[in-house]
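Engineer: Take a look at the following structure, please.
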Amino acid sequence: MPGLTLGDVVPNLELDTTHGTIRLHEFVGDAYTIIFSHPADFTPVCTTELSEMASYTSEFEKRGVKLLGFSCDDVESHKEWIKDIEAYKPGRHVTFPIVADPDRTAIRQLNMIDADEKDTAGGELPNRALHIVGPDKKVKLSFLFPACAGRNIAEVLRATDALMTAANWVPGDRVVIPPGVSDEKAKERFPSGFETAQLPSGKCYLRFADVE
Ligand code: BEZ
């Protein structure tokens, strides 16, 4: 099965969600969007993880980042499950849509299947994939966790910040010089010079430049 990976454009799927039908590209629009899958409704790790995501919603909103959850059960099941998620930690609200995908079409196309997990009828279940999709609809960053291990949403936020800081670099910010750039090329690119960290290995791979 071909896998969705960094740099790939996400397919423009039509998706049935708890907020109605959406097209993935239109949903992403001009925003960074986090799409994240869960193995199943009414399961323990998924419930605590979605509750955590709900508690971080305002942090993602502040950054203009959209959230879109996936779980295979149908919309009615999701809506009942959301009541449990919100009751588990009162005050946390699931305000983002959750995709329903009972026939697994979307999760297959988004590389979100866990080959080692099956439902009671032997059907495929999603893994815990999380892709941050850029406004160009390309995957910028991915997490891939198995059903048994929950993601740390604080780490999702940190990774989002790291990604957006790199993407939103502005003149005046310090930059790290990538390893593929030789010192000679770095001198041409940064005429006012760059700083090389002195490390025990003696290797000169950690270089910083100020850019005017
Ligand atoms: C869970 O959320 O705890 C879970 C869901 C499916 C398989 C294993 C664990």
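Engineer: Working only within region 172-204, note down all residues that are touching a residue at least 24 places away in the same chain (Cβ under 8 Å), surrounded by 12 or more Cβ atoms within 10 Å (Cβ to Cβ) and in a loop (DSSP other than H, G, I, E, B).
Structural biologist: Ile177
Engineer: Taking region 14-58, which residues are more than 15 Å from the ligand (Cβ to nearest atom), closer than 18 Å to Glu86 by Cβ and not hydrophobic (A, V, I, L, M, F, W, C)? Working first, answer last.
Structural biologist: From region 14-58, those more than 15 Å from the ligand (Cβ to nearest atom) are 14-35, 54-58; that's our starting set.
Next, only the ones that are closer than 18 Å to Glu86 by Cβ stay: 17-19, 54-58.
Matches in region 14-58: Thr17, Thr18, His19, Ser55, Tyr56, Thr57, Ser58.
Engineer: Still on this model: Can you confirm whether region 37-49 contains a residue that is hydroxyl-bearing (Ser, Thr, Tyr) and in contact with a strand residue (DSSP E or B) (Cβ under 6 Å, 6 or more places away or on another chain)? Can you show your working first?
Structural biologist: First, pick out the residues of region 37-49 that are hydroxyl-bearing (Ser, Thr, Tyr): 37, 43, 47-48.
Retained after the next criterion (residues that are in contact with a strand residue (DSSP E or B) (Cβ under 6 Å, 6 or more places away or on another chain)): 37.
Within region 37-49, one or more residues are hydroxyl-bearing (Ser, Thr, Tyr) and in contact with a strand residue (DSSP E or B) (Cβ under 6 Å, 6 or more places away or on another chain).
Engineer: Restricting attention to region 29-59, report how many residues are within 19 Å of Ala159 (Cα to Cα), touching a residue at least 60 places away in the same chain (Cβ under 8 Å) and of a type in the set (Gly, Ala, Ser).
Structural biologist: Final tally of qualifying residues: 3.
Engineer: Which ranges mark the helices (runs of 4 or more DSSP H) fully within region 14-108 that have 3 or more residues being over 21 Å from Gly134 (Cα atoms)?
Structural biologist: Working: elements: 24-28, 44-55, 57-62, 75-88.
Filter on region 14-108 gives 44-55, 75-88.
Engineer: Confirm whether Val139 is in contact with a strand residue (DSSP E or B) (Cβ under 6 Å, 6 or more places away or on another chain) and either away from the ligand (no atom under 16 Å from the Cβ) or in a strand (DSSP E or B) (or both).
Structural biologist: On the way: in contact with a strand residue (DSSP E or B) (Cβ under 6 Å, 6 or more places away or on another chain): yes; either away from the ligand (no atom under 16 Å from the Cβ) or in a strand (DSSP E or B) (or both): yes.
Here the answer is yes, as Val139 does meet what is asked.
Engineer: Continuing with the same structure: Answer with yes or no whether Ala159 is closer than 16 Å to Glu49 by Cβ, exposed (fewer than 12 other Cβ atoms within 10 Å of the Cβ) and modelled with pLDDT of 90 or more.
Structural biologist: no
Engineer: For region 116-171, which positions are of a type in the set (Lys, Arg), more than 13 Å from His38 (Cα to Cα) and touching a residue at least 60 places away in the same chain (Cβ under 8 Å)?
Structural biologist: Lys137, Lys138, Lys140
The values are calculated or read from the model by the stated rules, or taken from the named source; none is laboratory data. Treat the numbers as computed from the prediction; the structure is a model and nothing was measured. All Cβ positions, even for glycine, are placed from backbone atoms using ideal geometry, and neighbour counts span all protein chains on display.
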